[in-house]
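Novice: Please see the structure below; I have some questions.
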Amino acid sequence: MDFAISDKIQTIVEMINEFVDAELIPLEPEFLVKDFKELLPELRKKQEIVKKMELWAPNFPAECGGMGLSLLEHGLVSEALGRSPLGHYTFWCQAPDAGNVEILHDHGTKEQKQRYLNPLVRGEIRSCFAMTEVDMPGSNPVMLETTAIKDGTDYVINGHKWYTTAADGADFAITMAVTNPESSTYRQASMIIVPTNTPGFNLVRNIPVMGHQGSDYFSHGEILFESCRVPQQNLLGVEGQGFVMAQDRLGPGRIHHCMRWLGICNRAFDLMCKRANERIISPSGKTLGQQQTIQNWIAESAAELQAARLLTLNSAWQIDNNGAAEARDSISTIKFVVANTMNKIVDRALQVHGGLGMTDDTILAFFYRHERAARIYDGADEVHKSSLAKRILKNLATK
Ligand SMILES: Cc1cc2nc3c(=O)[nH]c(=O)nc-3n(C[C@H](O)[C@H](O)[C@H](O)COP(=O)(O)OP(=O)(O)OC[C@H]3O[C@@H](n4cnc5c(N)ncnc54)[C@H](O)[C@@H]3O)c2cc1C
């Protein structure tokens with residue numbers, strides 16, 4: 001294993017850290033109180049600067065206009081960007097577009113790449129990924145009710161999805177629907193590109209999540225597909241291969257999320273230490289940081305952060321070198337370890353800030369609300385733990 005950081009990536013990470021500090025963190029007070037749409041003109045200006053710095057779309061393939069970084073390299077970039085909720089969007093490597101670019105790149109036809117992939121990488125359009133359904137367990141996604149039935153040269157899609165992140169303002173949705181109900185369980189569903197202006201694609205609402213309805217990129221949509229008709233050429237890859245493709249998408253996607261969460265840990269940790277040093281809690285001038293409980297939190301957070309970071313870099317290295325299938329255990333492990341480490345560090349940082357931590361005068365309350373979901377999406381903790389334990393037990397039983 002070699003996690004040595006090349007000079008090139010070191011320079012890029014330093015440039016990003018400076019940019020996040022100078023250009024994005026100052027926008028956060030507005031971001032916390034305004035509708036995200038109102039911030040878009042300002043963010044577009046920032047994106048122009050990012051393009052001039054030649055740091056646009058760091059993880060997207062070079063041949064379609066991205067920087068083509070490896071997973072490990074992008075992990076380090078993602079960590080730096082994760083320090084602000086505006087980081088990934090501004091540098092154009094945000095979920096779910098990042099995963100959709102991978103799918104289109106690996107499985108799209110020439111026409112699909114021209115129409116969807118290239119403008120997506122250039123930042124001209126956005127996309128979303130519609131798999132989870134209101135009435136079905138997302139933890140067992142083979143249980144889908146949404147169907148895509150062939151009619152002439154089209155598919156006709158019916159179904160009820162939700163948590164389609166960033167559907168508001170997206171140009172197309174990669175939609176999971178059952179196309180082959182007669183096939184074996186894992187071969188029943190397909191991915192189909194559905195332009196959001198297709199009649200029958202109905203964005204019912206942006207779901208209020210933790211008191212925040214959001215808009216545009218920062219939102220989660222409920223979608224009702226009602227006899228939504230798209231040409232069969234919109235099928236991505238091979239019919240019935242939807243789950244296999246989704247699995248391919250999720251492995252690297254989990255590294256992206258984990259490294260972003262580590263960026264959040266770093267920011268929360270820095271804020272906690274700063275507050276501990278500066279907050280005077282007695283007339284003699286004693287600071288919060290002189291209290292042993294706070295010292296314990298700081299020491300434990302530093303150790304947990306470092307452990308989570310090394311586990312994640314190890315996973316990225318394994319995927320880059322041995323492929324996602326070989327790294328399965330490692331990917332399951334980081335998904336629940338890093339999500340919980342982040343939740344703990346953000347919680348401690350908020351506690352150290354007392355009443356201030358509960359306000360939107362720091363970014364901590366946003367992290368606390370917004371990032372609780374990390375233990376649920378991309379596979380709930382319990383599901384990852386269970387599948388990891390099952391594999392460990394199976395391996396031991398066969399020895
Ligand atoms: C902020 C956010 C963004 C999201 N973005 C998207 C998106 O863009 N596109 C998309 O398609 N979906 C998205 N999702 C949906 C997400 O993938 C699902 O919420 C997730 O898969 C869990 O499915 P569920 O909500 O139906 O919970 P359920 O499947 O009903 O599970 C509920 C709980 O039961 C427990 N559980 C489930 N299975 C097991 C098990 N085998 N063993 C032990 N315990 C278990 C877990 O604690 C789990 O949290 C998003 C969700 C959130 C919160």
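Novice: Out of the residues in the stretch 143-167 meeting the condition of being touching a residue at least 40 places away in the same chain (Cβ under 8 Å) and charged (D, E, K, R), tell me which one is surrounded by the most Cβ atoms within 10 Å (Cβ to Cβ).
Specialist: Lys161
Novice: While we're looking at this one, here's another question. Quick check on my filter: what residues within the stretch 77-95 are within 19 Å of Ala324 (Cβ to Cβ) and crowded, with 24+ Cβ neighbours inside 10 Å?
Specialist: Those that are within 19 Å of Ala324 (Cβ to Cβ) and crowded, with 24+ Cβ neighbours inside 10 Å: Ser78, Cys93.
Novice: Follow-up question, since we're still on this one. Read through the list (1) of a type outside the set (S, T, N, Q); (2) away from the ligand (no atom under 14 Å from the Cβ); (3) assigned to a loop (DSSP other than H, G, I, E, B), then give the number of the only condition that Pro141 fails.
Specialist: (2)
Novice: When the stretch 144-167 is examined, which residues are found to be within 15 Å of the ligand (Cβ to nearest atom) and not in a loop (DSSP other than H, G, I, E, B)?
Specialist: Of the stretch 144-167, the ones within 15 Å of the ligand (Cβ to nearest atom) are 144-146, 157, 159-167.
Selection gives Ile157, Gly159, His160, Lys161, Trp162, Tyr163, Thr164, Thr165.
Novice: Could you look through the stretch 184-216, keep only residues that are assigned to a loop (DSSP other than H, G, I, E, B) and not polar (S, T, N, Q), and pick out the one that is surrounded by the fewest Cβ atoms within 10 Å (Cβ to Cβ)? Write out each step before concluding.
Specialist: If we filter the stretch 184-216 for residues that are assigned to a loop (DSSP other than H, G, I, E, B), which is where we start, we get 184, 188, 196-200, 207-208, 210-211, 213-214, 216.
Checking the rest, the ones that are also not polar (S, T, N, Q) come to 199-200, 207-208, 210-211, 214, 216.
Details: Pro199: 9, Gly200: 15, Ile207: 16, Pro208: 11, Met210: 11, Gly211: 6, Gly214: 20, Asp216: 19.
Within the stretch 184-216, the match that is surrounded by the fewest Cβ atoms within 10 Å (Cβ to Cβ) is Gly211.
Novice: Let me ask another. Out of Asp168, Asp97, I need the residue that is among the acidic types (Asp, Glu), modelled with pLDDT of 95 or more and in the same structural domain as Val209 (by TED's automatic domain parsing). Which one?
Specialist: Within the list Asp168, Asp97, the selection yields Asp168.
Novice: Do any helices (runs of 4 or more DSSP H) lying entirely in the stretch 1-76 carry at least 3 residues that are farther than 23 Å from His212 by Cα, and which ones are they?
Specialist: Of the helices (runs of 4 or more DSSP H) lying wholly inside the stretch 1-76, those with at least 3 residues that are farther than 23 Å from His212 by Cα span 7-19, 36-52.
Novice: Among the helices (runs of 4 or more DSSP H) confined wholly to the stretch 294-399, which include 3 or more residues that are away from the ligand (no atom under 14 Å from the Cβ), surrounded by 18 or more Cβ atoms within 10 Å (Cβ to Cβ) and of a type in the set (A, V, I, L, M)?
Specialist: Where helices (runs of 4 or more DSSP H) fall fully within the stretch 294-399 and carry at least 3 residues being away from the ligand (no atom under 14 Å from the Cβ), surrounded by 18 or more Cβ atoms within 10 Å (Cβ to Cβ) and of a type in the set (A, V, I, L, M), they are 328-352.
Novice: Mind counting the residues in the stretch 168-183 that are touching a strand residue (DSSP E or B) at 6+ places or on another chain (Cβ under 7 Å) and either part of a strand (DSSP E or B) or without any contact (Cβ under 8 Å) to a residue 60 or more places away in the chain (or both)?
Specialist: The total comes to 10.
Novice: Determine whether the stretch 44-57 contains at least one residue that is surrounded by fewer than 23 Cβ atoms within 10 Å (Cβ to Cβ), outside the structural domain of Gly263 (by TED's automatic domain parsing) and within 16 Å of the ligand (Cβ to nearest atom).
Specialist: no
Novice: Okay, next question. How many of the residues in the stretch 31-42 are surrounded by fewer than 17 Cβ atoms within 10 Å (Cβ to Cβ) and in contact (Cβ under 8 Å) with a residue 12 or more places away in the chain?
Specialist: 6
The values are calculated or read from the model by the stated rules, or taken from the named source; none is laboratory data. Just so you know, these numbers come straight off a predicted model, no measurement behind them. Virtual Cβ from ideal backbone geometry, glycine too; neighbours counted across all protein chains shown.
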